[in-house]
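*Asks:* One structure follows; several queries about it will come next.
The values are calculated or read from the model by the stated rules, or taken from the named source; none is laboratory data. Just so it is clear, the structure is predicted and the values come from calculations on it, not from any experiment. Cβ atoms come from the backbone with ideal geometry, glycine included; neighbour counts cover every protein chain shown. When the accessible area is computed, the model is the full protein with side chains, heavy atoms only, and any ligands, DNA or RNA have been set aside. Shrake-Rupley method; radii C 1.70, N 1.55, O 1.52, S 1.80 Å.
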Amino acid sequence: WTELLRRFPDGRVSAIDFAPRMMEHAATRNRDRFDDRFALHCADVLESGLPDASFDVIVSAYGLKTLSPEQTLRFADELVRLLRPGGRFAFIEVTEPSSRLLRAVYDFYLSKVLPIAGMVLVSDPEEYRMLHRYVRRYGDGSWSERALRAHPELSVESRRHFFGCATSFTGMRAA
């Protein structure tokens, strides 16, 4: 959030999540660190009720993997609905690397090391165990890439990061 405010100091910024617990955390962070500068919406991104063409930029960190392939197609439609013509988007997601060796090491890290770190640092390893399950199901992110590229009003670029352990999708809605 700090980077968004640095980059868009006069911007109006909204955050959306369907999980009430995450939004409670966001509300506390918004109040304590950002003087309530963010508009928070506890809603399903696929049925947000937010106005058409109301955003210049939409970003997401680690949310795409929670969508099924069918939901990702709906998400592409919703992305176009919410972005103004010429609006941009940027998403990053954890993904499985193509290298078998690296995938085995990454799998061990996500399934064993990260939950222990979660237990030590936040006393709830379940969310970290879920990350491993999501990444296994999500794979290399190709269904997100296909869904975004299939939408006629979106131009999309994808990039692999950290030897494929993360993938970003950036682009824009046609003007």
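*Asks:* How high is the relative contact order of the chain, in percent, counting Cα pairs under 8 Å that sit 6 or more residues apart?
*Replies:* Once divided by the residue count of the chain, the mean separation gives 22 percent.
*Asks:* Sticking with this one: Quote the accessible area belonging to Ile58 in square angstrom, nearest 10, computed with a 1.4 Å probe and with ligands, DNA and RNA left uncounted.
*Replies:* Around 30 Å² of this residue is reachable by solvent.
*Asks:* Right, another one. Could you give me the ³J(HN,Hα) list for region 59-70, computed from phi with Karplus coefficients 6.51, -1.76, 1.60 and θ = phi - 60°, whole Hz, x at Gly and Pro?
*Replies:* 10, 8, 10, 6, x, 5, 5, 7, 8, 6, x, 5
*Asks:* Obtain the nm distance between the two label points defined at Ala104 and Arg149 by a simple spin-label model: each point lies 7 Å from its Cα along the Cα-to-C-beta direction.
*Replies:* It works out to 3.0 nm between the two label points.
*Asks:* Got a number for carbon plus sulfur as a percent of region 67-135's accessible area, 1.4 Å probe?
*Replies:* It is 63 percent, rounded to a whole number.
*Asks:* Which trypsin sites (Lys or Arg not before Pro) does region 27-67 hold that lie in a coil by DSSP with at most 16 other beta carbons within 10 Å?
*Replies:* Arg37
*Asks:* What residues qualify as long-range amide H neighbours of His41, i.e. H under 5 Å apart, gap of 5 or more or another chain, H built at 1.01 Å from N?
*Replies:* HN-HN under 5 Å from His41: Ala15, Ile16, Asp17.
*Asks:* Also: Hey, quick one: spin label on Asp44, modelled 7 Å out along Cα-Cβ, who in region 64-84 has an amide N within reach, i.e. under 17 Å?
*Replies:* Those under the cut-off are 64-79.
*Asks:* Then there is this: Let me spell out the model: positive unit charges on the Cβ of Lys and Arg, negative unit charges on the Cβ of Asp and Glu, origin at the Cα centre of the chain. What dipole size does that give, in debye rounded to 20?
*Replies:* The calculation lands at about 520 debye.
*Asks:* For region 22-175, give me the percentage of DSSP beta bridges that are antiparallel, rounded to the nearest 5 percent.
*Replies:* Around 70 percent of the beta bridges assigned by DSSP in region 22-175 are antiparallel ones.
*Asks:* Can you give the local net charge around Val57? Use residues other than it whose beta-carbon is closer than 10 angstrom to its beta-carbon, Lys and Arg +1, Asp and Glu -1.
*Replies:* Spelling it out: positives minus negatives among the neighbours equals +2.
*Asks:* Can you give the calculated 222 nm mean residue ellipticity of the chain, where each DSSP H run of n ≥ 4 adds -39,500 (n - 2.57) and the sum is split over every residue, rounded to the nearest 500 deg cm²/dmol?
*Replies:* About -13000 deg cm²/dmol.
*Asks:* May I pose another question? Measuring from centroid to centroid over Cα atoms, what is the spacing of region 1-78 and region 118-174 in Å?
*Replies:* 16 Å
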